[in-house]
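Okay, here's the structure, questions in a sec.
The values are calculated or read from the model by the stated rules, or taken from the named source; none is laboratory data. Bear in mind the structure is a predicted one, so any value in this text is a computation, not a measurement. Neighbour counts are summed over all protein chains in view; Cβ atoms, including those assigned to glycine, are modelled from backbone coordinates with ideal geometry. Note: areas computed on protein heavy atoms with side chains; ligands, DNA, RNA excluded. Shrake-Rupley method; radii C 1.70, N 1.55, O 1.52, S 1.80 Å.
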Amino acid sequence: MSYDMNDRHLITFDKDDKVALYTEDLKVWYGQNEAIHGVDLEFEKNCITALIGPSGSGKSTYLRSLNRMNDGISGTNVTGKIMYKDVDVNRKDIDVYEMRKRIGMVFQRPNPFSKSIYENITFALKRHGERDKQKLDEIVESSLKQAALWEQVKDNLHKSALALSGGQQQRLCIARAIAMKPDILLLDEPASALDPISTGTVEETLVNLKENYTIIIVTHNMQQAARISDYTAFFYMGSVLEYDETRKIFTRPKIKATEDYVSGHFG
Ligand SMILES: Nc1ncnc2c1ncn2[C@@H]1O[C@H](COP(=O)(O)OP(=O)(O)OP(=O)(O)O)[C@@H](O)[C@H]1O
Ligand SMILES: [Mg+2]
């Protein structure tokens with residue numbers, strides 16, 4: 001089946017107060033291969049936006065570019081704008097380290113450090129110069145509470161993070177990201193390695209977090225996108241064909257490819 005790649009439907013917001021981050025004509029190359037073909041998307045504040053689409057459509061590539069994680073992959077080139085509070089994240093001269101405090105990331109596989117729960121959360125803060133024990137304790141508690149993990153670990157903060165279950169480890173990674181007080185959380189299939197119960201707790205955590213954060217999540221799980229996201233962008237072959245409110249994407253998409261994908265009749 002082939003789709004008309006010029007057929008698109010992308011919503012936009014009132015940028016001044018509603019948009020936390022947007023990209024303009026974002027392109028990503030791996031060597032000679034253009035993997036993202038000029039994506040324009042706007043992410044509304046305090047909302048969850050799901051990035052969906054078939055394998056290889058560019059979801060992770062796009063997500064990684066939003067806080068310059070592609071920088072670490074040799075041969076990549078990113079052009080276009082990534083605007084966050086009047087700063088173009090894609091400008092070569094910005095302080096990437098500082099930017100990542102504002103735009104944090106959680107990866108597909110839980111990747112806690114092989115340290116205690118407490119140290120996982122305080123490690124980066126200490127590196128940024130925070131030495132006040134009481135303040136560190138407070139941040140540990142509030143981050144774990146927001147990540148819905150506090151009750152389960154409060155008596156074992158000095159035990160190894162590696163002794164936690166997969167779902168708990170992933171919530172610890174979310175707590176670790178939150179401890180830096182970011183505005184935006186990027187998550188690439190954060191629940192794909194988890195069982196259904198852990199997936200449920202991570203989803204619940206994200207829904208609660210949107211009160212304070214703007215969340216952008218890549219997911220292969222259509223039910224998950226439908227359950228937790230406010231907006232959904234459908235990626236196909238390196239472009240976004242449709243971007244709209246999640247309920248519209250799942251009930252009456254405007255583009256045939258989206259309809260086929262969300263209904264499982266794809267390819
Ligand atoms: N490190 C890399 N080096 C070269 N090409 C890459 C690299 N990472 C991704 N690509 C290519 O870029 C395109 C988009 O890949 P990407 O991983 O972003 O897709 P995806 O939508 O996240 O897929 P999946 O759902 O399988 O995770 C693919 O053609 C892929 O082969
Ligand atoms: Mg991916």
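For the chain, with a Gaussian network of springs between Cα atoms less than 10 Å apart, report the residue from VAL240, VAL87, VAL207 with the top mean-square fluctuation.
VAL87
On to the next question. Rounded to a whole number, what % of the accessible area of the stretch 102-251 do carbon and sulfur atoms account for, probe 1.4 Å? Display every interim value, and only then the final one.
Numbers: 3180 of 6460 Å².
For the stretch 102-251, the apolar C and S fraction of the accessible surface comes to 49 percent.
Kindly express, to the nearest 10 degrees and within the range 0 to 90, the angle between helix 196-209's C-alpha long axis and the longest C-alpha principal axis of the chain.
90
Taking R0 as 45 Å, what FRET efficiency do you get between LYS256 and PHE113 from their Cβ-Cβ distance, rounded to the nearest 0.05? Present the calculation step by step, with values, prior to reporting the outcome.
Working: r = 46 Å, r/R0 = 1.02.
Computed FRET efficiency for LYS256 and PHE113 comes out at 0.50.
Then there is this: Can you give me the relative contact order of the stretch 62-123 as a percent, contacts being Cα pairs under 8 Å and 6 or more apart?
Working: 31 pairs, mean separation 16.8, N = 62.
It comes to 27 percent, rounded to a whole number.
Turning to a different aspect of this structure: Order ILE197, ILE184, most accessible first, counting only protein heavy atoms with a 1.4 angstrom probe. Don't jump to the answer; show the numbers that get you there.
Working: ILE197 135, ILE184 0 Å².
The residues order as ILE197, ILE184, largest area first.
Right, here's the next one. Counting other Cβ atoms within 10 Å, which trypsin sites (Lys or Arg not before Pro) in the stretch 31-73 have at most 10 and lie in a DSSP loop? Don't skip to the end; give the middle numbers.
Numbers: sites: LYS45, LYS59, ARG64, ARG68; in loops: LYS45, ARG68.
For trypsin sites (Lys or Arg not before Pro) across the stretch 31-73 that sit outside H, G, I, E and B with at most 10 neighbouring Cβ atoms in 10 Å, the list is empty.
What is the angle, in °, between the Cα long axis of helix 166-179 and the longest principal axis of the Cα atoms in the chain? Nearest 10 is fine, range 0 to 90.
The answer is roughly 90 degrees.
Taking amide H atoms as placed 1.01 Å from N in the peptide plane, list the residues 5 or more away in sequence, or in a different chain, whose amide H sits under 5 Å from that of CYS47.
Residues meeting the amide H criterion: ILE215.
Just in the stretch 81-119: which trypsin sites (Lys or Arg not before Pro) are loop by DSSP and have at most 13 other Cβ atoms within 10 Å?
On the way: sites: LYS81, LYS85, ARG91, LYS92, ARG100, LYS101, ARG102, LYS115; in loops: LYS85, ARG91, LYS92, LYS115.
Listed in order of number, the matching sites are LYS85, ARG91, LYS92.
Here's another thing I want to ask about it. What do you get for the angle between helix 133-146 and the principal long axis of the chain? Use alpha-carbon atoms, 0 to 90 degrees, nearest ten.
Taking the Cα atoms of the chain, the angle to 133-146 is about 40 degrees.
What whole-number value in Å² describes the accessible area per residue of the chain for a 1.4 Å probe?
On the way: 12510 Å² over 267 residues.
Here the residues of the chain average 47 Å² of exposed surface.
Regarding the chain, what whole-number volume in Å³ per residue does the convex hull of its Cα atoms give?
Values: hull volume 34.9 nm³, N = 267.
Given the Cα convex hull of the chain, per-residue volume reads 131 Å³.
Using modelled amide H (1.01 Å from N, peptide plane; none on Pro or chain starts), what sits under 5 Å from the amide H of SER116, excluding residues fewer than 5 places away?
Excluding prolines and chain starts, which carry no amide H, the hits are ALA161.
³J(HN,Hα) across the stretch 148-165 via Karplus (A = 6.51, B = -1.76, C = 1.60, θ = phi - 60°), whole Hz, x for Gly/Pro?
6, 10, 3, 4, 7, 10, 4, 8, 10, 4, 9, 7, 5, 5, 6, 7, 7, 5
Which of the pairs LYS15/LYS145; LYS181/LYS254; LYS81/LYS101 have their Cα atoms more than 30 Å apart in this structure?
Values: LYS15/LYS145 32 Å; LYS181/LYS254 37 Å; LYS81/LYS101 19 Å.
Check vs 30 Å cut-off fails for LYS15/LYS145; LYS181/LYS254.
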